[in-house]
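The values are calculated or read from the model by the stated rules, or taken from the named source; none is laboratory data. Predicted, not measured: the structure shown is a model, and the values here were computed from it. Note that we place each Cβ from the backbone using ideal geometry, even for glycine, and neighbour counts take in every protein chain shown. SASA here: full protein model, heavy atoms, side chains in, ligands and nucleic acids out. Shrake-Rupley method; radii C 1.70, N 1.55, O 1.52, S 1.80 Å.
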Amino acid sequence: MIKKLSYCFFIIISVIFLAACQENANAPSDSTTENDSNSNESTTTSKSDQLVVAMPADVTSLDPAVSMDNTAWKIIYNTYERLVDYDGATTNIKPGLAKEWKVSEDGKTWTFYLEDGHLFSDGTPVDAEAVKASFERTLAVDNGPAGVFSMISEIKVEDPLTVTFVLSETFPPFLSTLAANYGNIVNPKVLEHEVDGDLGQNYLASNTMGSGPYKLTEWKKGDSLKLELNEHSKLKPSITTVLFRVVSDPSVQRLQLEKGEIDIAEGIPVDQIDTLKELDNVTILQEPSLAVDYVYINNKNGNPALQDARVRQALNYAIDYDSLVSAVQLGYATQMHGPIPDGIWGHDKSVKQYNYDVEKAKQLLAEAGAEDLTISLLYSDNKTWWETEALAIQSNLADIGVTVKLNKVAYATSREMMDKGEFDLALGVWSPDFGDPYMFMNYWFDSSYHGLAGNRSFYTNSEVDKLLREAATNNDQEARQSIYKQVQDIVLEDAPYILLYQKDFILPMSKEVKGFVYNPMLESMYNLQDMSK
């Protein structure tokens, strides 16, 4: 046993080492020259009213009606405003453009009362017509963000500062979706830039037209984006210029942070964090995120043995969660406790948690008559840590007599196979779009979401379906919480997934930066209006 564990440990450490070497080998050959040039620029811009952020890659479209990209959202979030916002570090909702709101008893009619005096960056007032036009444009563009608002059947302007949304069906998370990035309000004058009926998409892909505290003033593709103050905003941040610089090499980011040439480094992997902790001018922000890693167990189309709940429970008991977190995330993660991560209402520490118990796992397999089981594990190169994770799981399951054949394929292929259910086990990650347990409970366990839509274990339980759909249409949060507790008790016994861990958010930054508040719903985004140096 000791020899076997040592051999596996050697493999895992080797994979981590090789991954680190490969990352450096792939760094752009001219990165030193490029960043020498950038260093000169930052020397002249590194003042107390300027913030410099290094990010690993350039952003994509900046159109709020198109973008589903967290990297682009860091620009969009600070250049637009929303009807409501997340409150500080929580998933609670606070007023934004709307100073107050009300919902009808049946939950289908939401009326928002706008605060007067908000202006877009060209001085145009933000009124009810602008809100209506913005959401109607998102729905007409019919891209990724439109799907979130598919339940909106009508938007009515009651007066210049009052707007009403009529929903086709009750949807309790609706308010939370308005605080997400696809709820940003766009200046209706975007249509003056329309070309060939594109609703201004081409223009808004590389320009901003919002009422947020900042506006985009320069974008050097592949190099940097500059935000400067929106002089019409009601907010008056102390940081007047924010420069997002594209620095793909994590080693260069680390050196620039050490020299004080940048204030925040977004692309430094966890295996370099300990080195940064030794620097006097750097602090490391570490907070639980809402991003989770888990294993899909194919309940329908995989190895027939996996249709037995005792086998799925055995796989859950076979995982050495502490060792896996240590090997895969170097300790920067926490074992999941239930399917709803800590940080979203509905998270419940009283629900069942599987812990490492080899003898219990062997007993369950024996009861199910599945002692000599051979199954496959599907994964891709989409996440750098998945190779290590797959090897650790393979080793753990070998200890209970289960042979795991690793099946590493291209990312696109893995997505297609998962959608069709062509796997036994598969590695996956999930993070919520809005702060509601619906994002985990309904998507993961409702049989109407089989495949990539969310229920990637192809789990079906009619009682769970009934309860989840009741929770999805009930406006009483306390009642919903009770329903979700019932569902968690059922699904944790049925064990359609192996719940691994909740990742930490790690961000190295200069000690001079003050006021940053991490909100797990706003991953990669900054509350720039509250920050200072």
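Quick notes on this one:
- Qualifying trypsin sites (Lys or Arg not before Pro) in region 245-299, DSSP loop, other Cβ atoms within 10 Å at most 12: none
- Carbon/sulfur fraction of accessible area - the chain, other protein chains in place, 1.4 Å, %: 48 percent
- At full extension, Glu478 and Ser462 could sit 3.5 nm farther apart than now, given 0.36 nm per residue minus the alpha carbon distance.
- Under the criterion of Cα pairs below 8 Å and six or more residues apart, the relative contact order for region 271-393 equals 26 percent.
- To the nearest ten degrees, helix 250-259 and the longest principal axis of the Cα atoms of the chain are 50 degrees apart.
- Estimated FRET transfer efficiency (Asp116, Leu279; beta-carbon r; R0 56 Å; 0.05): 0.75
- Solvent-accessible area per residue in the chain equals 41 Å², computed with a 1.4 angstrom probe and all protein chains kept.
- Looking at region 175-240, the GluC sites (Glu not before Pro) that sit in a DSSP loop and have at most 15 other Cβ atoms within 10 Å of their own Cβ are Glu194, Glu231.
- Calculated [θ] (222 nm, deg cm²/dmol) that DSSP helices of n ≥ 4 give over the chain, each run adding -39,500 (n - 2.57): -10000 deg cm²/dmol
- Principal-axis analysis of the Cα atoms of the chain puts helix 411-420 at an angle of about 70° to the longest axis.
- Relative contact order computed over the chain (Cα-Cα under 8 Å; 6+ residues apart), in percent: 20 percent
- Loop-resident sites, region 142-187, for GluC sites (Glu not before Pro), counting at most 15 other Cβ within 10 Å (DSSP): Glu169
- 0 to 90° range, to nearest 10: angle between helix 462-472 axis and the chain longest Cα axis: 20 degrees
- Listed by chain and number, the lysines whose C-alpha is less than 20 Å from the C-alpha of Lys300, apart from same-chain residues fewer than 8 away, are Lys405, Lys420, Lys466.
- Taking every alpha-carbon pair under 8 Å whose residues sit at least 6 apart, region 107-210 reaches a relative contact order of 31 percent.
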